[in-house]
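The structure appears right after this line, and notes come after that.
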Amino acid sequence: MASILTSAIIVNAKSSVSTYVSTTQQLYSELQSLINNLTASGFMGDAADGYKEFFNTKVTPAVVTNLTEPQGSLTSGINGMLDTIKEQLLDSVDPGLGKLNQNPGGQG
C-alpha cells in the first residue's frame, strides 16, 4: 500500500521520539531516586553496593548514553535520520515539478 510522505509525518515522528525521550528520562529519574532512597536508609552492605554498581554501570549507560543523550544516542540518530529524510526527499523537491507532471506539455 503506497503512502505519501509529508513534512507533517516527519514532524509527528520527531514529536513521538521527543515524547519517548522525556518519558524514558522521567522513568530513569524515578528509578534513580528509588535506588538512592533504598540504599541510603536501612539497606547497606554488599547487596546495596551491588544494586548501586549495577545501576551505575549497566542501567545508566543503557538508558542515558545509548538511548536518550542528545548526541550519539539511538534517539538522536533517529532524529538525525528524520531530518535527513526531510531535507533530501521533501525540502529539495521543486513544488512546480509536481504541477508540471500533472499536466505534461500544458495539454488539457
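The values are calculated or read from the model by the stated rules, or taken from the named source; none is laboratory data. What you are looking at is a predicted structure, and each value in this text was computed from that prediction instead of being measured. Cβ atoms come from the backbone with ideal geometry, glycine included; neighbour counts cover every protein chain shown. SASA here: full protein model, heavy atoms, side chains in, ligands and nucleic acids out. Shrake-Rupley method; radii C 1.70, N 1.55, O 1.52, S 1.80 Å.
If we scan the stretch 61-68, do we find a residue that is free of Cβ contacts under 8 Å to residues at least 24 places away in the same chain and closer than 30 Å to GLN88 by Cα? Looking for residues that are free of Cβ contacts under 8 Å to residues at least 24 places away in the same chain and closer than 30 Å to GLN88 by Cα, one finds at least one in the stretch 61-68, hence yes.
Residues that are within 27 Å of the chain's Cα centre (by Cα) number at least 1 in the following helices (runs of 4 or more DSSP H) confined to the chain: 7-40, 46-54, 74-85.
I want to confirm something. Restricting to the stretch 22-43 and keeping residues that are within 30 Å of GLY80 (Cα to Cα) and β-branched (Val, Ile, Thr), which single residue is most open to solvent (accessible area, probe 1.4 Å)? Here the answer is THR23. Residues in the stretch 51-63 that are open to solvent by less than 40 Å² (accessible area, probe 1.4 Å) and of a type outside the set (S, T, N, Q): PHE55, VAL59, VAL63. Mind telling me which of the residues THR75, THR19 ends up being β-branched (Val, Ile, Thr), modelled with pLDDT of 95 or more, on the phi < 0 side of the Ramachandran plot and loosely packed, with under 14 Cβ neighbours inside 10 Å? Checking each option against the conditions leaves just THR19.
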